[in-house]
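The structure under discussion appears below in the form of structure tokens.
The values are calculated or read from the model by the stated rules, or taken from the named source; none is laboratory data. Just so we're clear, the structure is a prediction, and the values are computed from it rather than from any experiment. So basically every Cβ, Gly included, is an ideal-geometry build from the backbone, and we count neighbours across all protein chains shown. Surface areas here come from the heavy atoms of the whole protein model, side chains and all, with no ligands, DNA or RNA. Shrake-Rupley method; radii C 1.70, N 1.55, O 1.52, S 1.80 Å.
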Amino acid sequence: MSASILRYATVYGPGETGHGVVSKLIQAVLVGQPPVIDGDGLDEHDYIHVADAAEATLRRAAAPRRGRVTTSDRVGTTTLDLARLV
């Protein structure tokens, strides 16, 4: 038996309950409010859409490999840049 460990980046997408930063920023803008950023917004996260996370999981299941796998593009986006995009 072999095992893989998938390390997911910050996953976002449909069905979020409003606790994630992507969801919070979008909800604020949709109701005409400015996005609220805690702190200076310079914290970086590597975001991945839930569909891409699911695809990575299925790919790993189809071609198992031992060890740890990071499911991201390893590109950090600051919260401030994310708010600008939204």
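With +1 on the Cβ of every Lys and Arg and -1 on the Cβ of every Asp and Glu, and nothing else charged, how large is the dipole of the chain about its Cα centre, in debye rounded to the nearest 20?
560
Calculated accessible area for the chain comes out at 72 Å² per residue, all protein chains present (probe 1.4 Å; ligands, DNA, RNA ignored). Across the protein chains, with a 1.4 Å probe defining accessible surface, the residues Glu55, Glu44, Glu16 rank Glu44, Glu55, Glu16 from largest area downward. Label-to-label distance for Ala61 and Leu85 is 2.7 nm, based on points extended 7 Å past Cα in the beta-carbon direction. Put Val31, Val86 in order of accessible area, highest first, and with a 1.4 Å probe you get Val31, Val86. The solvent-accessible area of Leu30, taken with every protein chain present and a 1.4 Å probe, is close to 140 Å². Once backbone amide H atoms are built at 1.01 Å from N, Ile48 has Thr10, Val11, Tyr12 as its partners under 5 Å, excluding neighbours fewer than 5 places away on the same chain.
Rg and Dmax over the alpha-carbon atoms of the chain stand at 15.4, 53 Å.
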